[in-house]
Amino acid sequence: MNSSIFFNKSFRFAALASVVALGAFGVSSSFAADATSSSDATVIEPIAITKSAELVFGRFTNGGGGTVTVATNNARTADGPILSSIGSTPTAAQFDVTGDNNATYGITWGTATVLTDADSSETMALARISALSATAETTAGDVSSGTLSDTGEQSIYLGGILTVGASQAEGNYKGDVTATAEYN
């Protein structure tokens, strides 16, 4: 067998295989299509909550027991205890929420609240009253969501109903109420 004939046949076979392979790849490429998507992301202002007023019940005597209520509009009433107008002015707490314009958010309140006198260790239970406006609300309950304004702001007002025992010891009672705001 002549080596040039063998070489020519092998060369022709390799050339033919290359043409077939190129044709196959060419056919596959001719039926392909591309599409591109752009990516987009927006980083918004983190939500923030700050306290701008404390919840203050003011001064009173136990009066045989009952309740002292501070509404979300700062109005104070009592059922049993005798209110004093001397000393601190009763006020509802105010929490100011800021963040992304028109965003909705959830509000979570800390666990049950108790006010304690550091000297006697006596306590008084506090039932929260909260609202998104300073109203005369006097029924216990918590607001659980809100919507920030066009400028990214909203206030939460917190009043409360304080349960005073018939023989509640005199003292300076303190406790904390925690409000947490989180985007929905």
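The values are calculated or read from the model by the stated rules, or taken from the named source; none is laboratory data. This is a predicted model, so every value here is computed, not measured. Using ideal geometry, Cβ is built from the backbone for each residue, glycine included, and neighbour counts are taken over all protein chains shown.
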Given the conditions (1) at pLDDT below 95; (2) surrounded by 10 or more Cβ atoms within 10 Å (Cβ to Cβ), which single one is not true for Asn2? (2)
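Tell me whether segment 123-130 contains one or more residues that are part of a strand (DSSP E or B), within 11 Å of Thr72 (Cα to Cα), among the hydrophobic types (A, V, I, L, M, F, W, C) and assigned by TED's automatic domain parsing to the domain that holds Val70.
Yes; the residues of segment 123-130 include at least one that is part of a strand (DSSP E or B), within 11 Å of Thr72 (Cα to Cα), among the hydrophobic types (A, V, I, L, M, F, W, C) and assigned by TED's automatic domain parsing to the domain that holds Val70.
Could you look through segment 112-144, keep only residues that are without any contact (Cβ under 8 Å) to a residue 24 or more places away in the chain and surrounded by fewer than 13 Cβ atoms within 10 Å (Cβ to Cβ), and pick out the one that is nearest to Gly165 (Cα to Cα)?
Looking at the filtered set, the residue picked out is Ser121.
Are there any strands (runs of 3 or more DSSP E) wholly within segment 23-105 with 1 or more residues that are exposed (fewer than 13 other Cβ atoms within 10 Å of the Cβ) and at negative phi, and if so which? Full working, then the answer.
Values: elements: 48-53, 66-70, 76-79, 93-98.
It comes to 48-53, 76-79.
Conditions tested, residue by residue: (1) closer than 19 Å to Leu126 by Cα; (2) at pLDDT 95 or above.
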residue	(1), (2)
Phe31	no, no
Asp40	no, yes
Pro46	no, yes
Thr72	yes, yes
Phe95	yes, yes
Thr108	yes, yes
